[in-house]
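J.: Below is a structure I'd like to ask you about.
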Amino acid sequence: MYPPPPLPPRRDFISVTLSPGRSYDGGQGLRRRSFWRKWKQLSRLQRNVVLFLLACLMLCGLLSYISVADEWKAVGSRSAEGPKMRPANPPVLPAPRRAAENPETFAGASPQKPPRHFRRGPPNLQIRAPDGDAKDRRQDEAQRRAEAAGEARWEDDAQGSRVSWRGTGTEPEQGPQLSPRKAEAAPRPSPQALRMRNSPASQNERQKAVVAAFRHAWAGYRKFAWGHDELKPVSKSFSEWFGLGLTLIDALDTMWILGLKKEFEEARKWVSQKLLFQKNVDVNLFESTIRILGGLLSAFHLSGDVLFLEKAIPYSDVNIGTGVAHPPRWTSDSTVAEVTSIQLEFRELSRLTGVKKFQEAVEEVTRRVHSLRGKKDGLVPMFINTNSGLFTHLGVFTLGARADSYYEYLLKQWIQGGKKETQLLEDYLEAVEGIRKHLLRRSEPGQLTFVGELAHGRFSAKMDHLVCFLPGTLALGAHHGLPADHMELAQALMDTCYQMNRQMETGLSPEIVHFNLHPQRSHKDVQVKAADRHNLLRPETVESLFYLYRLTGQRKYQDWGWEILRSFNASPRAATLPSATSRTRAIPSPGTRWRASFWGRRSSTCTCSSPTTQTCSAWTLTCSTRRLTPCPSGPPPRAGRLPSGCCPGD
């Protein structure tokens, strides 16, 4: 018998046979299976939270991409649009010269470099040092070109057509004819500016007094607040609102009208070299439009200097550094006066540049307000919500603060547009009838006609000084063919506005008055509350006096304006200039601010020597800051016919 075979050796491992075609992946498959196992181990709520967060991240990324793409698209469109901004009137902007032109044909001019495309958009946020980056250098180069173009225009005027600093235009001297290309390269003043002729005779005593008052005020601003927004005359310092030299820009047209050549040239140099929009600052759309845009356009129309037009083209809408728009910090509402009192300036900017988007934007606002509900026989509420676009604070109607210039701009847009926009005229006429029906009353004992306020059906005998724009507006409308009773109402309201000054001990109107509706002994028609006994140098009364004097020829209106000037000169004033806040009763005390817009309106009234000196029907005067915008050309006025609108050189 054989012995049993030995047992096989015991193995301590397991043999695994891999299938063909597969290889080891370093454990990635195991990790994938592990991740999926962990995902399946999560609860449904946890998985939903993770998926929601991922979806939010993807949505944010998509929105960021769209925002960046739109911004670059806007930058590209502005760059492409820049060279296309050509004026509707060829003499306004210079035609570009080709680089091949012989530079010797232009004395003192350097060869022109190939044109570059500069970004027209929100400027930098910081005020940089002189040795800034390339963008700063490009901005400085653009400013130098603008200044050089303006100086070339002045030099060309000295050789050809001259415009006097008193507004007088003289015929160009006879000389060799320039080629059309060269003639376009040297822009000349607009035809309206050339037609503004005035007698070179010496000024009368009243005119000299107006010029002296302005010089006194301007000297204070120049010494203590040069280039800043406002002068504080008591402390002899300055304050900033936008940081854009509001007072200086606001006074440009006044200095031209008064013939202050030295002051105008100095201010022009500041605009050329220092007026830059490289500040991250919020500006009020209404105020910046009527003061900066309106001031620059007025200076351009009067002087014909293309520098002011180039500066007037907006860089952005509200924040001049970022272009971000927002409602006021304290509310989501804007006032109706603000959104409806920028149309004249933007429409004129489109006319001058040929770029229609400015006019289209503001006219869309006009159409929107026209179609809104909440009006009362043409009267509009004071506020409009910037989100919904609807009127708010319904049932409250006034022609004072927050609503006043809406009514003024209805008429003046109609005139500016050649009297063809019937919607504007209809809204204006309806509003005048609404004023007669709901807001017009007579005081006791003097039977003064005044415009009160209406709050939820309850009448208040309160009238702001701002309402004194209405006599001039009504008179202007009557002159342009509207019902004759508008002129009668204008004269009655003008008497009231004058009495608001005359019945005060200082001869200066308070900010707000209340009229006496019931006969009472020892009571005047005009009553003033303690909080309202101050004068803010508002120009509405003086502008209306200007219109009434120019359109009726009655000397009393000019005399009333002269009385107001003397009252201001008689009131205590700082060594720099009269204050913007003077007490209207007891002893007047100076305030802390100076309003430059008043001085231009005062000079327009008091320098008139006769109501028929000029036949200047080409200009429209706006009440916000006495802005000048040309009206459509038409047949010249007949001999002896009174002018329509403002005659700034008178």
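J.: Consider only pairs whose beta carbons are under 8 Å apart and that are at least six residues apart or on different chains; among these, list those whose first residue lies in the range 486-499 and is open to solvent by 10 Å² or more (accessible area, probe 1.4 Å) and whose second residue is of a type in the set (D, E, K, R) and part of a helix (DSSP H, G or I).
T.: Every condition considered, the pairs that remain are Leu489/Arg436.
Listed here are the residues, each with its yes/no results for (1) in contact with a Leu (Cβ under 9 Å, 6 or more places away or on another chain); (2) touching a residue at least 24 places away in the same chain (Cβ under 8 Å).
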| position | (1), (2) |
| --- | --- |
| Val365 | no, yes |
| Arg373 | yes, no |
| Gly378 | yes, yes |
| Pro381 | yes, yes |
| Thr392 | no, yes |
| Thr398 | yes, yes |
| Ala401 | yes, yes |
| Ser405 | yes, yes |
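J.: Can you confirm whether Val234 is among the β-branched types (Val, Ile, Thr), out of contact with any strand residue (DSSP E or B) (no Cβ under 6 Å at 6 or more places or on another chain), assigned to a helix (DSSP H, G or I) and in contact (Cβ under 8 Å) with a residue 24 or more places away in the chain?
T.: In short, no.
J.: Do you know which of the residues in the range 418-434 that are without any contact (Cβ under 8 Å) to a residue 24 or more places away in the chain and under 24 Å from Gly395 (Cα atoms) is surrounded by the most Cβ atoms within 10 Å (Cβ to Cβ)?
T.: Ranking the qualifying residues of the range 418-434, first place goes to Leu425.
J.: Which one of Ser544, Ser522 is out of contact with any strand residue (DSSP E or B) (no Cβ under 8 Å at 6 or more places or on another chain), without any contact (Cβ under 8 Å) to a residue 24 or more places away in the chain and either part of a loop (DSSP other than H, G, I, E, B) or buried (at least 19 other Cβ atoms within 10 Å of the Cβ) (or both)?
T.: On the way: Ser544 fails: without any contact (Cβ under 8 Å) to a residue 24 or more places away in the chain.
Exactly one residue qualifies, and that residue is Ser522.
J.: Same structure, new question: State the number of residues belonging to the range 435-469 that are in a loop (DSSP other than H, G, I, E, B), surrounded by 15 or more Cβ atoms within 10 Å (Cβ to Cβ) and in contact with an Asp or Glu (Cβ under 8 Å, 6 or more places away or on another chain).
T.: Selection size over the range 435-469: 5.
J.: Next up: Being under 22 Å from the mean Cα position of the chain (by Cα), farther than 24 Å from Gly472 by Cβ, crowded, with 18+ Cβ neighbours inside 10 Å and of a type in the set (Val, Ile, Thr) narrows it down to one of Ile384, Ile415, so name that one.
T.: None of the others qualify; the one that does is Ile384.
J.: Being closer than 18 Å to Thr289 by Cβ and open to solvent by less than 10 Å² (accessible area, probe 1.4 Å) is the filter here; which residues of the range 391-405 pass it?
T.: Ala403, Ser405, listed by residue number.
J.: Scanning the range 249-279 for residues that are part of a loop (DSSP other than H, G, I, E, B) and open to solvent by less than 20 Å² (accessible area, probe 1.4 Å), which turns out nearest to Gln207 (Cα to Cα)?
T.: Looking at residues that are part of a loop (DSSP other than H, G, I, E, B) and open to solvent by less than 20 Å² (accessible area, probe 1.4 Å), I get Leu260.
The values are calculated or read from the model by the stated rules, or taken from the named source; none is laboratory data. Quick caveat, the model's predicted, so the values are computed rather than measured. Neighbour counts are summed over all protein chains in view; Cβ atoms, including those assigned to glycine, are modelled from backbone coordinates with ideal geometry. What goes into the accessible areas is simple: the full protein's heavy atoms, side chains included, and nothing from ligands, DNA or RNA. Shrake-Rupley method; radii C 1.70, N 1.55, O 1.52, S 1.80 Å.
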